[in-house]
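Trainee: Here it is: the structure, laid out below.
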Amino acid sequence: TLGGTTTVTASSGVATFTNVTLSGVVGTNYVLRFAASGLSSADSGNVTVSSGTATQLGIATQPVGGASGAVLSTQPVIAIRDAQGNTVTGDSSTQVTVSIHSGAGGALGGTTTVTASSGVATFTNVTLSGVVGTNYVLRFAASGLSSADSGNVTVSSGTATALGIATQPVGGASGAVLSTQPVVAIRDAQGNTVTGDSSTQVTVSIQDRKSTR
């Protein structure tokens, strides 16, 4: 798009433009046409633009979750962009921070603030601990720039760390089978069932005895 004064009046046969602006996409060739009523038009040669002032963040590579507590299987890459969406390649100072914008029970780890290089902030070791089945949205923010939110990021169960009782046992007649048999889950640090575990052996014993009489 053009801005500024796009129509001027000739003086001594010459029309001199003084403040025309061009907002566009880096790498695109723009041809400007000059027209006046009753006269043949004239077209310029190719006009190109470089990136403008940084105004916003954009997600160049979307994050993809992994096992809960482990590094993301795809680390996010964030671009520093101008109003037209061009990457501001001259920016090697903006610091970009990632946080959880939505999704309960989640926590980020690793290096959550990185400095841009040539207009790009590349995260390398961000971890996400969370609840299986929950959609997490990550927000990327930098001072003075519009933030950017990721798509939904999910996690699978992490490393087994504990046992949890999924079904509590209920007694029956003495010497008979329990009226409700116990079900015990293999769980990770966030309480997710480790569905890939088909080898752990769980043993039951009497931990305590208390008289009810």
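Trainee: Of all residues in region 13-22, count the ones that are out of contact with any Gly (no Cβ under 7 Å at 6 or more places or on another chain), surrounded by 10 or more Cβ atoms within 10 Å (Cβ to Cβ) and within 30 Å of Gly85 (Cβ to Cβ).
Mentor: Residues meeting the conditions: 2.
Trainee: With a cut-off of at least 2 residues that are free of Cβ contacts under 8 Å to residues at least 40 places away in the same chain, name the strands (runs of 3 or more DSSP E) lying wholly within region 1-73.
Mentor: Filter on region 1-73 gives 30-34, 42-47.
Trainee: For the subset of region 110-141 comprising residues that are free of Cβ contacts under 8 Å to residues at least 24 places away in the same chain and in a loop (DSSP other than H, G, I, E, B), which member is farthest from Gln75 (Cα to Cα)?
Mentor: Per the criteria, the residue is Gly133.
Trainee: Right, Gly151: in contact with a strand residue (DSSP E or B) (Cβ under 8 Å, 6 or more places away or on another chain), in a loop (DSSP other than H, G, I, E, B), touching a residue at least 40 places away in the same chain (Cβ under 8 Å) and open to solvent by less than 50 Å² (accessible area, probe 1.4 Å) or not?
Mentor: No.
Trainee: When you go through (1) surrounded by 16 or more Cβ atoms within 10 Å (Cβ to Cβ); (2) in contact with a Pro (Cβ under 7 Å, 6 or more places away or on another chain) one by one for Ala67, which number turns out not to apply?
Mentor: All conditions pass for Ala67, except number (2).
Trainee: Follow-up. Restricting to region 99-109, name every residue that is open to solvent by 50 Å² or more (accessible area, probe 1.4 Å) and outside any strand (DSSP E or B).
Mentor: Once the filter is applied, which keeps residues that are open to solvent by 50 Å² or more (accessible area, probe 1.4 Å) and outside any strand (DSSP E or B), region 99-109 yields Ala104, Gly105.
Trainee: Out of curiosity, is Ala10 hydrophobic (A, V, I, L, M, F, W, C) and open to solvent by 60 Å² or more (accessible area, probe 1.4 Å)?
Mentor: yes
Trainee: If I filter region 27-45 down to residues being open to solvent by 70 Å² or more (accessible area, probe 1.4 Å) and in contact with a Ser or Thr (Cβ under 9 Å, 6 or more places away or on another chain), which single residue comes out as nearest to Gln84 (Cα to Cα)?
Mentor: Gly27
Trainee: Give just the number: which of (1) part of a loop (DSSP other than H, G, I, E, B); (2) under 37 Å from the mean Cα position of the chain (by Cα) does Ala176 not satisfy?
Mentor: It is condition (2) that Ala176 fails.
Trainee: Here is a follow-up. Quick one: is Ala185 under 25 Å from Ser129 (Cβ atoms) and either open to solvent by less than 100 Å² (accessible area, probe 1.4 Å) or not in a loop (DSSP other than H, G, I, E, B) (or both)?
Mentor: Criteria met by Ala185.
The values are calculated or read from the model by the stated rules, or taken from the named source; none is laboratory data. Since this is a predicted model, take the numbers as computed values, not measurements. Glycine gets a Cβ as well: all are built from the backbone with ideal geometry, and neighbour counts include every protein chain shown. Note: accessible area is taken over every heavy atom of the protein model, side chains too, but ligands, DNA and RNA are not part of it. Shrake-Rupley method; radii C 1.70, N 1.55, O 1.52, S 1.80 Å.
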